[in-house]
Amino acid sequence: MPFCHRILKYKIMLGTLTEFEIEELLRQHLVGRIGCSYEGRTYIIPISYAYNGKYIYGLSKEGLKLQIMRHNPKVCFEVEELKDMGNWKSVLAWGDFEELSDFDSRNEGIEIITKRNLTLISSVTTHQMPTWPFIDAAKINGVVFRIKLTERTGRFEKNDFEPLFSL
């Protein structure tokens, strides 16, 4: 059996995302990860989210994530776009957790969450109620919260592979 191989010409670029690119990544995606910690315990959890240019909004059932963020509102948020291992973008942001418990701010948060664009195939966890996409905010259960972003950064890697020849 003959030995086959391919020589590739690589164009590799690592860099920092611009403010516009950071904004675009935060707005385009629906799932990110919250990192929070309390008393030496770090917890990272994916969430379905909405972003309005200033805040990350989320809706959650009671659980460890909310317990930790109530004790320590300083959190980290991450979102990424992964085409393959050599082509990706990532945003890391820091901010302050705030539970939206009064009627007006809770409804405002629910409105932002429910007006985000969802993919055609989505998860039950992104549908806030059985009648989705027809929403009655008063009937949505759970804790509505937001994270005010105070600092953010973004990185990327881009690789263009051009085969020189193939056998």
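Here are the numbers for this structure:
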{"read-out": "Members of region 65-118 that are over 18 Å from Val31 (Cβ atoms) and charged (D, E, K, R)", "value": "Arg70, Lys74, Asp84, Asp96, Glu98, Glu99, Asp102, Asp104, Arg106, Glu108, Glu111"}
{"read-out": "Candidates Val31, Val79, Val91, Val75 - the one that is among the β-branched types (Val, Ile, Thr) and closer than 14 Å to Ile113 by Cα", "value": "Val31"}
{"read-out": "From the options Ile47, Ile56, residue that is at pLDDT 95 or above and crowded, with 16+ Cβ neighbours inside 10 Å", "value": "Ile56"}
{"read-out": "Within region 93-110, considering residues that are assigned to a strand (DSSP E or B) and among the hydrophobic types (A, V, I, L, M, F, W, C), the one nearest to Tyr38 (Cα to Cα)", "value": "Phe97"}
{"read-out": "Hits in region 68-109 - residues which are over 15 Å from Leu149 (Cβ atoms), at pLDDT 90 or above and aliphatic (A, V, I, L, M)", "value": "Ile68, Leu100"}
{"read-out": "Residue among Thr125, Thr42 that alone is at pLDDT below 90 and within 19 Å of the chain's Cα centre (by Cα)", "value": "Thr125"}
{"read-out": "So Arg116, is it modelled with pLDDT of 90 or more, closer than 19 Å to Phe145 by Cα and either out of contact with any His (no Cβ under 6 Å at 6 or more places or on another chain) or assigned to a helix (DSSP H, G or I) (or both)", "value": "no"}
{"read-out": "Residue in region 58-65 that is in a strand (DSSP E or B) and in contact with a Lys or Arg (Cβ under 8 Å, 6 or more places away or on another chain) present", "value": "yes"}
{"read-out": "Residue match in region 80-92 (condition: touching a strand residue (DSSP E or B) at 6+ places or on another chain (Cβ under 7 Å), surrounded by fewer than 17 Cβ atoms within 10 Å (Cβ to Cβ) and closer than 11 Å to Ile34 by Cα)", "value": "no"}
{"read-out": "Filtered residues of region 139-164 (kept if touching a helix residue (DSSP H, G or I) at 6+ places or on another chain (Cβ under 8 Å), over 20 Å from Thr18 (Cα atoms) and either basic (Lys, Arg) or at pLDDT below 90 (or both))", "value": "Ile140, Val143, Arg146"}
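The values are calculated or read from the model by the stated rules, or taken from the named source; none is laboratory data. Since the structure is predicted, the reported quantities are computational estimates derived from the model, not experimental observations. Cβ atoms come from the backbone with ideal geometry, glycine included; neighbour counts cover every protein chain shown.
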